[in-house]
């Protein structure tokens with residue numbers, strides 16, 4: 001049973017399968033040294049979701065956010081601070097686009113006070129973001145403090161704006177996205193370099209991140 005009309009050979013379903021396959025491949029090779037094949041698998045996983053959004057006539061902001069995320073994945077598939085900052089800038093742009101998309105598609109920020117469960121999640125998101133900011137501010141170098149702070153503000157805005165929609169797929173995707181970024185920051189900056197937990201954390205980051213992008217995409221295309 002495929003999510004879009006037609007069988008597995010239909011363009012939309014084939015693109016989705018291609019995306020999932022690339023995500024699974026990257027999960028198995030993510031611990032390898034950076035290579036072109038490794039970067040390609042990581043980049044294609046979400047790039048194919050952007051293609052899917054275009055094929056299905058999804059919002060252009062969705063396709064643009066996914067495309068920028070894929071650029072960020074390409075940067076983060078390489079080593080070094082410049083690559084990390086390139087990835088940070090790309091995902092910052094993606095989150096800004098997601099905020100615009102969610103606010104444009106949702107029922108307004110007033111929904112957070114009208115339905116208490118939404119407000120409770122927003123408070124939890126804010127507490128999580130502040131805790132990460134406080135923890136990272138003491139551990140990262142001066143050159144990363146401002147970009148990191150701006151990024152945390154952007155992903156918090158993305159999460160809260162998702163709460164204005166009536167789609168549990170999209171809200172769940174936003175929550176998973178924040179969890180993935182929080183775990184990534186913990187693995188990269190807070191966990192000891194020799195910690196045995198870093199391996200499973202890296203795999204969890206990718207699983208949560210891809211699941212987040214997939215949930216948001218399908219939330220818009222199938223909702």
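With respect to the numbered conditions (1) assigned to a helix (DSSP H, G or I); (2) surrounded by fewer than 17 Cβ atoms within 10 Å (Cβ to Cβ); (3) in contact (Cβ under 8 Å) with a residue 24 or more places away in the chain, which one is the sole condition not fulfilled by residue 108?
(1)
Identify all residues within region 163-175 that are in a helix (DSSP H, G or I) and closer than 16 Å to residue 120 by Cα; write none if there are none.
Once the filter is applied, which keeps residues that are in a helix (DSSP H, G or I) and closer than 16 Å to residue 120 by Cα, region 163-175 yields 168, 171, 172, 174, 175.
In region 21-35, what count of residues is obtained for those that are in contact (Cβ under 8 Å) with a residue 12 or more places away in the chain and either over 15 Å from residue 73 (Cβ atoms) or over 19 Å from the mean Cα position of the chain (by Cα) (or both)?
3
Would you please list the contacts, defined by Cβ atoms under 8 Å and residues six or more apart or on different chains, that run from a residue in region 90-101 that is in contact (Cβ under 8 Å) with a residue 12 or more places away in the chain to a residue that is surrounded by fewer than 22 Cβ atoms within 10 Å (Cβ to Cβ) and outside any helix (DSSP H, G or I)?
Note: pairs meeting the criteria are 101/59.
Residue by residue, here is whether (1) in a helix (DSSP H, G or I); (2) in contact (Cβ under 8 Å) with a residue 24 or more places away in the chain holds:
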{"site": "117", "(1), (2)": "yes, no"}
{"site": "122", "(1), (2)": "yes, yes"}
{"site": "128", "(1), (2)": "yes, yes"}
{"site": "132", "(1), (2)": "yes, yes"}
{"site": "139", "(1), (2)": "no, yes"}
{"site": "146", "(1), (2)": "yes, no"}
{"site": "151", "(1), (2)": "yes, yes"}
{"site": "155", "(1), (2)": "yes, yes"}
{"site": "161", "(1), (2)": "yes, yes"}
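Tell me whether region 178-192 contains one or more residues that are modelled with pLDDT under 95, in a loop (DSSP other than H, G, I, E, B) and farther than 20 Å from residue 153 by Cα.
Yes; the residues of region 178-192 include at least one that is modelled with pLDDT under 95, in a loop (DSSP other than H, G, I, E, B) and farther than 20 Å from residue 153 by Cα.
List pairs: first residue in region 188-216 and surrounded by 15 or more Cβ atoms within 10 Å (Cβ to Cβ), second residue part of a helix (DSSP H, G or I) and modelled with pLDDT under 75 anywhere in the structure, Cβ distance under 7 angstrom, at least six positions apart or on different chains.
The qualifying pairs are 191/198.
Would you tally the residues in region 20-40 being under 17 Å from residue 211 (Cα atoms) and not in a loop (DSSP other than H, G, I, E, B)?
9
Could you list, in sequence order, all residues of region 41-80 that are free of Cβ contacts under 8 Å to residues at least 12 places away in the same chain and not in a loop (DSSP other than H, G, I, E, B)?
Selection gives 54, 60.
The values are calculated or read from the model by the stated rules, or taken from the named source; none is laboratory data. Quick caveat: nothing in here was measured; it's all calculated off a predicted structure. Positions of Cβ are backbone-derived with ideal geometry, glycine not excepted, and every protein chain shown enters the neighbour counts.
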